[in-house]
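Participant: The structure that follows is given in the form of structure tokens.
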Amino acid sequence: VTAAARAGLYSDTIRERWRQPRYRGELPGATAQAEDVNPLCGDRVRLMLSLRDGAVDAVRFTGDSCAICTASADVTAELAEGRPVAEAARLTTEDVLAVLQADIRPTRMRCVTLPVSVLQKALAP
Amino acid sequence: MTLDEKTRGDFPILDRIVNGHRLVYLDSAASSQRPRTVIEAMSQYYATSHANVHRSIHTLGEEATALYEAARDRVQRFIGATSREEVVFTRGTTDGLNLVADALGRTLRPGDEILLTDMEHHSNIIPWQMAARDRGVVIRSVPVTAAGQLDLAAFERLLGPRTRVLALAHVSNVLGTINPVAALSAQARRVGAVTVVDGAQAAPHLPLDIAALGCDFYVFSSHKMLGPTGIGILWGRRAALEALEPTRGGGEMIKEVWIDRARWNDLPWRFEPGTPPIAEAVGLHAAIEYLEKLGMEHVAEHERALARQTVEVLRAIPGVTVYGPPADVDRGAVVSFSVEGLHPHDVAALLDQEGVAVRAGHHCAQPLMRCLGLTGTARASFSVYTSPEDVSILAHALAALRTQL
């Protein structure tokens with residue numbers, strides 16, 4: 001049994017990031033942004049980034065989403081911030097799942113992938 | 001004996017243990033469960049009588065045809081249709097609405113109007129958008145009041161000489177509101193508009209008398225009324241069906257075919273191209289038999305009581321908001337609610353850990369969600385086997401929910 005399976009659907013990381021997201025908010029002067037919805041549930045995530053000297057200087061997210069999607073957005077923002085743009089653009093769902101450490105069932109996987117795909121959209125050349 | 005006590009043993013799936021708890025299935029509005037008689041009728045059909053229908057000149061073909069057509073007769077009686085020709089088998093409510101919208105759409109002209117309501121399921125919105133597209137047809141919509149009912153004053157204003165179609169739900173799949181279909185279709189008729197009713201959330205729960213409703217088309221699904229998936233019913237007033245050109249072609253829907261033209265078959269087969277869902281018709285027949293044995297009046301009464309109980313107990317839980325008509329107004333077998341500080345999908349996932357199955361999200365009614373200012377709701381919905389205890393278990397689990405995330 002993996003740690004993720006033991007943690008269940010709502011791992012401590014997900015609970016904590018849902019209650020107190022670190023990267024939620026507006027980012028005035030953002031130089032890249034993207035937004036998308038999850039057609040299954042109508043959840044919406046918007047990522048705002050400020051890019052400077054080829055690196056992701058700051059990231060914030062807004063939106064209306066469930067605990068899993070909110071936690072994923074928060075972790076996605078954290079993983080992207082401070083990285084070279086090219087590297088941030090290569091972040092994957094697996095990178096986020098490694099931080100969330102939760103047993104995400106197939107029906108909820110879209111909640112995790114939405115913020116990652118929004119990041120990719122924001123950084124697309 | 002209550003209806004759930006009488007029926008519970010007939011539904012094998014209700015014995016399932018989910019996440020260590022007895023299954024409490026409160027998602028019957030999405031799809032109901034099936035009694036053993038339905039499951040057995042279908043496997044019996046496959047084991048003994050299956051062949052293609054209508055043109056198979058052999059014993060099995062005759063048996064299959066007889067069973068398929070007997071299902072149609074049963075549906076006719078169940079909904080109070082004047083004749084069997086008015087009962088068309090489809091693949092489900094969505095399919096039926098698409099069929100009607102597609103066919104009616106071809107008769108529309110620039111400036112014509114289609115009147116919808118803000119509480120429609122996407123299935124009763126998108127087909128009309130498709131019908132209106134590229135034809136200069138205008139879509140209008142009746143707003144919903146704060147009490148979760150259609151704004152009838154606005155309806156009167158919106159209905160006019162350009163209105164060609166009124167399409168509305170009999171019962172809202174989110175709010176449970178029972179719309180006054182008879183009164184609205186009478187008004188629509190006066191301006192020469194055709195009324196199309198989405199009966200998906202009504203047919204499984206209320207006694208139906210199609211003739212008294214006064215609409216032109218009425219569409220519903222088998223799988224929400226204890227029958228199998230893959231089959232639905234489109235009822236059309238004979239003259240209204242006769243006036244429609246079929247939009248889907250194939251075998252069975254024709255009388256004579258030349259390489260460049262054809263003559264259509266009689267009703268109802270004109271609208272049933274290809275091999276129909278035969279085993280599903282057999283299953284639907286068994287489902288109707290089951291419902292009629294219980295009596296639709298009793299079914300409606302049982303579910304009304306459950307809805308009342310649910311509204312009452314959920315309203316008493318701090319942080320829970322219940323949507324839909326006021327408590328003293330009858331509603332269908334659904335109750336939508338939200339829990340303060342929790343997303344509906346998290347509510348559903350946490351309830352699932354207690355073995356409680358509810359629906360969550362926009363319920364394919366995004367325009368309505370926008371009116372309510374919500375992304376989604378959680379929804380408990382009922383059927384004949386739902387018990388007052390199921391509702392208590394839901395309430396108990398909900399009360400403990402806010403501390404869990």
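Just so it is clear, none of the values below were taken in a lab; they were calculated from the coordinates. Note that the coordinates shown come from a computational prediction; the quantities given were computed from them, not determined experimentally. Cβ: placed from backbone, ideal geometry, glycine included. Neighbour counts: every protein chain shown.
Participant: Counting Lys and Arg as +1 and Asp and Glu as -1, each charge on the Cβ, what is the dipole of chain B about the Cα centre in debye, to the nearest 20?
Facilitator: With Lys and Arg at +1 and Asp and Glu at -1, about 820 debye.
Participant: Same structure, new question: Kindly work out what percent of the DSSP beta bridges joining two residues of the range B:150-239 are antiparallel, to the nearest 5.
Facilitator: So the antiparallel bridges in the range B:150-239 amount to around 45 percent.
Participant: Starting from the Cα of residue B:292, step 7 Å along the direction of its Cβ; do the same at residue B:242; then give the gap between the two resulting points in nm.
Facilitator: 2.7
Participant: Given a Förster distance of 35 Å, report the FRET efficiency between residue B:260 and residue B:328 from their Cβ-Cβ distance, rounded to the nearest 0.05.
Facilitator: The calculated FRET efficiency here is 0.05.
Participant: Which distance in Å, rounded to a whole number, links the C-alpha centroids of the range B:34-92 and the range B:326-401?
Facilitator: 35
Participant: Rounded to the nearest 500, what is the 222 nm mean residue ellipticity of chain A from helices alone, with -39500 (n - 2.57) per DSSP H run of 4+ residues and division by all residues?
Facilitator: Mean residue ellipticity, 222 nm, calculated: -12000 deg cm²/dmol.
Participant: Let me ask something additional. Can you give the charge dipole size of chain A about its Cα centre, rounded to the nearest 20 debye, using +1 on the beta carbon of Lys and Arg and -1 on the beta carbon of Asp and Glu?
Facilitator: Value, rounded to 20: 260 debye.
Participant: What is the magnitude of the charge dipole of the protein assembly as shown about its Cα centre, with +1 placed on the Cβ of each Lys and Arg, -1 on the Cβ of each Asp and Glu, and no other charges, expressed in debye to the nearest 20?
Facilitator: Roughly 720 debye, rounded to the nearest 20.
Participant: Turning to a different aspect of this structure: So which lysines can residue B:6 reach, going by Cα to Cα under 21 Å and dropping same-chain residues fewer than 8 places off?
Facilitator: B:224, B:293
Participant: Report the residues of the range B:32-49 in range of a label on residue B:59: point 7 Å along Cα→C-beta, backbone N strictly under 14 Å from it.
Facilitator: Correct set: B:48-49.
Participant: Restricting the count to DSSP beta bridges whose residues both fall in the protein assembly as shown, what percent are antiparallel, rounded to a multiple of 5?
Facilitator: That works out to approximately 70 percent antiparallel.
Participant: Checking the cross-link filter: which aspartates and glutamates have an alpha carbon closer than 13 Å to that of residue A:121, excluding same-chain neighbours under 8 positions apart?
Facilitator: Here the aspartates and glutamates satisfying the reach criterion relative to residue A:121 are A:35, A:36.
Participant: May I ask which residue of B:33, B:285, A:37 lies farthest towards the positive end of the charge dipole of the protein assembly as shown, with charges of +1 (Lys, Arg) and -1 (Asp, Glu) on Cβ and the Cα centre as origin?
Facilitator: Going by the charge dipole, the pick is A:37.
Participant: Using Cβ-Cβ distances only, list the Cys residues of chain A with no partner cysteine under 4.7 Å, sorted by number.
Facilitator: By the Cβ distance rule, which asks for a partner under 4.7 Å, the isolated cysteines are A:41, A:66.
Participant: Putting +1 on Lys and Arg Cβ atoms and -1 on Asp and Glu Cβ atoms, find which of B:116, B:175, B:100 reaches farthest to the positive end of the dipole of the range B:68-180.
Facilitator: The residue sitting most towards the positive pole is B:100.
Participant: Apply the a/c threshold of 1.5 to the C-alpha gyration tensor of the range A:3-125 and tell me whether it is rounded, prolate or oblate.
Facilitator: It is prolate, given that a/c is not under 1.5 and a/b is the larger ratio.
Participant: Given a Förster distance of 45 Å, report the FRET efficiency between residue B:51 and residue B:209 from their Cβ-Cβ distance, rounded to the nearest 0.05. Intermediate results must be reported in sequence, preceding the final value.
Facilitator: Working: r = 35 Å, r/R0 = 0.79.
Efficiency at R0 = 45 Å is approximately 0.80.
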